[in-house]
Amino acid sequence: MTNRVVKSNPSFLSHDDLKENFVVRHADLDLIVGTIRENTTGPNQHVLVIGPRGSGKTTLVLRTALEVRTDGELNALWYPLIFSE
């Protein structure tokens, strides 16, 4: 019997599961979404998400993209693109 290593990949979560499992980094999400809301004119403020492996960077970025897609105001102005890791 071969042991297989299964890695968690938040990209495979449904939108509902992503929202339900996102329970800790709400302050970070609010900060990023607030920055996106302010980026309407002039040069845009960039956000770089860094951290050690397994700290939730991908989940935070996916949750931000979901917030943009589901918010009517942000969805009218932005189209989030998610690239593979």
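The values are calculated or read from the model by the stated rules, or taken from the named source; none is laboratory data. Because the structure is a prediction, the values reported are computed rather than measured. Backbone-built Cβ (ideal geometry, glycine too); neighbour counts: all protein chains shown.
Checking S84 against (1) modelled with pLDDT of 95 or more; (2) more than 19 Å from K19 (Cβ to Cβ), which test does it fail? Looking at each condition in turn, S84 falls short on (1). Only one entry in G51, G42, G34, G56 is touching a helix residue (DSSP H, G or I) at 6+ places or on another chain (Cβ under 6 Å) and among the small types (G, A, S), namely G51. One residue alone among T70, T35 is farther than 21 Å from L13 by Cβ, surrounded by fewer than 15 Cβ atoms within 10 Å (Cβ to Cβ) and either among the hydroxyl-bearing types (S, T, Y) or more than 14 Å from the chain's Cα centre (by Cα) (or both), and that residue is T35.
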